[in-house]
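Here's the structure, in structure tokens; my notes come after.
The values are calculated or read from the model by the stated rules, or taken from the named source; none is laboratory data. Only a predicted model underlies this, so the values are computations on that prediction, with no experimental measurement involved. All Cβ positions, even for glycine, are placed from backbone atoms using ideal geometry, and neighbour counts span all protein chains on display. Accessible surface is based on the protein model in full, side chains and every heavy atom, while ligands, DNA and RNA are left aside. Shrake-Rupley method; radii C 1.70, N 1.55, O 1.52, S 1.80 Å.
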Amino acid sequence: MAALVQAQAQALAAAAAASGALRGAPRGVGGGGRGSISNIWRSLGAAAAAAAPPPRRLKGASVESTKVEGVFPVTMIPGDGVGPELMHSVKEVFKAAAVPVQFDEHHLSEVQNMASEEILDEILGSMNNSKVALIGKIHTPMEYKGELASYDMRLRRKLDLFANVVHVTSLPGYKTRHNNLDLVIIREQTEGEYSSLEHESAKGVIECMKIITRAKSQRIAKFAFDYATKKGRSKVTAVHKANIMKLGDGLFLRCCEEVSELYPKIKFDTMIIDNCCMQLVQNPYQFDVLVMPNLYGNIIDNLAAGLVGGAGVVPGESYSAEYAVFEMGARHPFAQAVGRNIANPTAMLLSSANMLRHLNLEHHSTLISEAVRKVIKVGKVRTPDMGGYSTSYDFTRAVITAMNE
């Protein structure tokens with residue numbers, strides 16, 4: 001753990017030293033007001049109840065005074081592992097593209113002793129102003145220190161980020177076992193096995209509670225069908241283990257079936273989680289939109305990311321009725337890569353481009369996402385996880401160059 005903290009400090013110092021080294025990109029036109037897919041389900045909320053951090057503002061202090069006219073405020077949480085390095089890439093690309101975004105950066109980390117209720121309150125204050133965040137992986141230590149819920153989970157619960165969306169697509173020019181993949185994984189992420197309800201009922205006997213509620217199951221099911229409708233998708237698959245967990249997963253499955261009846265134009269089917277894992281490896285083309293409870297979604301997100309190149313290339317996002325958080329689709333701190341300048345910025349850059357689209361900054365979103373895909377398609381600059389020898393800095397510079405072309 002100490003090595004991870006030391007490595008992160010070195011990485012942050014290296015990022016600071018490299019700051020300003022990247023140059024050039026045409027200035028784009030700005031976007032309009034705020035809007036996104038999240039508007040579809042905005043009414044659903046009632047359905048279910050690396051350097052030292054910047055100086056902290058007073059608890060409850062307003063952030064309105066820091067807003068700049070014509071610039072979108074965005075909350076940034078670099079997180080742990082290579083998160084700060086990836087955020088540095090985002091900042092450099094945004095600077096080169098003249099993106100009208102102002103980051104309000106906060107540091108939340110349990111491994112660096114930068115986690116407290118005060119910091120959570122500061123982040124919530126920032127989110128109340130921005131409504132949008134870009135975050136890195138917030139590592140959760142396995143050691144039990146008296147509190148079962150991690151700060152990452154506490155933050156997601158406070159923001160009620162009930163829907164996690166991971167769009168898994170093949171990258172042109174990068175061949176994997178399965179090519180031309182295009183599927184979406186939607187995960188309920190406020191209950192299930194991640195409810196942090198565990199206790200020792202007798203010596204050597206631990207009970208872990210899995211919470212499934214009708215309200216939240218209906219909410220995520222409706223989210224999935226609304227998403228499929230808006231995006232022109234044709235099928236939703238509910239993933240479950242109702243053959244064993246007859247009450248909990250049985251309720252989730254029934255809710256999905258009930259909601260499906262409201263969307264006669266969307267095909268609906270179901271699949272048991274273990275079979276789903278096998279089918280994803282054997283024939284992932286049969287899937288379109290998959291919806292599932294918390295733990296299954298966490299596993300499937302990572303499995304599906306592996307189909308198209310790994311955790312470094314898949315973006316993700318999480319929604320509540322009020323907030324949108326953009327992040328990597330497969331949450332991984334890449335601790336072994338910290339400070340080595342080898343982390344792949346692709347997933348974080350694509351996530352940031354999706355964030356810009358959410359803000360209606362379509363020009364900047366397209367400029368960045370197309371540049372990233374162009375660099376990968378050309379194939380001359382690839383990080384080690386994609387079989388190349390380029391550094392994170394090289395990849396970032398190549399993206400900026402591609403934006404100029």
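Net charge near R187: determine it from the other residues with C-beta under 13 Å of the C-beta of R187, scoring Lys and Arg +1 and Asp and Glu -1. Intermediate results must be reported in sequence, preceding the final value.
Numbers: positive: R156, K216, R219, R331; negative: E188, E191, E193, D301, E317, E327.
That sum, taken over residues with Cβ under 13 Å, equals -2.
Taking region 209-301, which GluC sites (Glu not before Pro) meet the DSSP loop condition and have no more than 11 other C-beta atoms within 10 Å? All intermediate terms of the calculation are to be shown ahead of the outcome.
Details: sites: E257, E258, E261; in loops: E261.
The qualifying sites are E261.
Suppose the chain between Q282 and E200 were pulled fully straight at 0.36 nm per residue; how much longer would it get relative to their current alpha carbon spacing?
Details: separation 82, 0.36 × 82 = 29.52 nm, distance 4.00 nm.
Gain in length upon complete extension: 25.5 nm.
Determine how many Å³ per residue the convex hull of the Cα atoms of region 210-332 encloses. It would help to have the intermediate numbers written out before the result.
Working: hull volume 14.3 nm³, N = 123.
Hull volume normalised by residue count: 117 Å³.
Which trypsin sites (Lys or Arg not before Pro) in region 288-397 sit in a loop by DSSP (not H, G, I, E or B) and have at most 15 other Cβ atoms within 10 Å of their own Cβ?
Details: sites: R331, R340, R357, R373, K374, K377, K380, R382, R397; in loops: R331, R340, K380, R382.
Hits after loop and neighbour filter: K380.
Summing +1 for each Lys or Arg and -1 for each Asp or Glu, what net charge is found among the other residues whose Cβ lies under 14 Å from the Cβ of F395?
Working: positive: R340, R373, K374, K377, K380, R382, R397; negative: E85, E92, D385, D394.
Taking every Cβ under 14 Å from that of F395, the sum is +3.
Provide the net charge surrounding E405, with neighbours chosen by a C-beta distance below 11 Å and charges set as Lys +1, Arg +1, Asp -1, Glu -1.
Working: positive: K374; negative: E370.
Around E405, the charge tally is 0.
Spelling out what I want: for every residue of region 258-266, take phi, set θ = phi - 60°, compute 6.51 cos²θ - 1.76 cosθ + 1.60 (Karplus), and round to whole Hz; glycine and proline get x.
5, 5, 4, 5, 7, 10, x, 7, 9
Please report the relative contact order for region 222-270, taking Cα pairs under 8 Å with a sequence separation of at least 6, and give it as a percent rounded to a whole number.
Details: 48 pairs, mean separation 22.8, N = 49.
Once divided by the residue count of region 222-270, the mean separation gives 46 percent.
Tell me the trypsin sites (Lys or Arg not before Pro) within region 180-230 that lie in a loop according to DSSP and have at most 11 other beta-carbon atoms within 10 Å.
Numbers: sites: R187, K203, K210, R214, K216, R219, K222, K230; in loops: K203, K210.
Taking region 180-230 and a limit of 11 other Cβ atoms within 10 Å, the loop trypsin sites (Lys or Arg not before Pro) found are K203.
Beyond 24 Å between alpha-carbons counts as too far, so tell me which of K131/K267; K131/K265; K158/K265; K216/K246 fall in that bin. Walk me through the numbers on the way to the answer.
On the way: K131/K267 33 Å; K131/K265 32 Å; K158/K265 35 Å; K216/K246 17 Å.
K131/K267; K131/K265; K158/K265, as the Cα separations exceed 24 Å there.
Over region 131-205, with every protein chain in place, what whole percent of the accessible area is carbon and sulfur at 1.4 Å, could you tell me?
Numbers: 1770 of 3490 Å².
Using a 1.4 Å probe with all protein chains present, region 131-205 comes out at 51 percent carbon and sulfur.
Tell me, in nm to one decimal, what length is gained between T176 and H363 on full extension, where the rule is 0.36 nm per residue of separation less the Cα-Cα distance? Intermediate results must be reported in sequence, preceding the final value.
Working: separation 187, 0.36 × 187 = 67.32 nm, distance 2.99 nm.
Using 0.36 nm per residue and subtracting the Cα-Cα distance, I get 64.3 nm.
Given Cα positions, please report Rg to Rh for region 56-214, the hydrodynamic radius being the Kirkwood one. Please list the in-between numbers first.
On the way: Rg = 19.0 Å, Rh = 18.5 Å.
So for region 56-214, dividing Rg by the Kirkwood Rh gives 1.03.
Give me, ordered by chain and number, the residues 5 or more places off M76 or on other chains with an amide H under 5 Å from its own placed amide H.
D104, E105, H106, L134
Which percent of Cα-Cα pairs in region 236-300 sits in each 5 Å bin, short to long?
4, 17, 29, 25, 16, 8, 0
Long-range amide H contacts for L181: which residues qualify at under 5 Å (H placed 1.01 Å from N, peptide plane, sequence gap of 5 or more or a different chain)?
Amide H neighbours of L181, under 5 Å, 5+ apart: S170.
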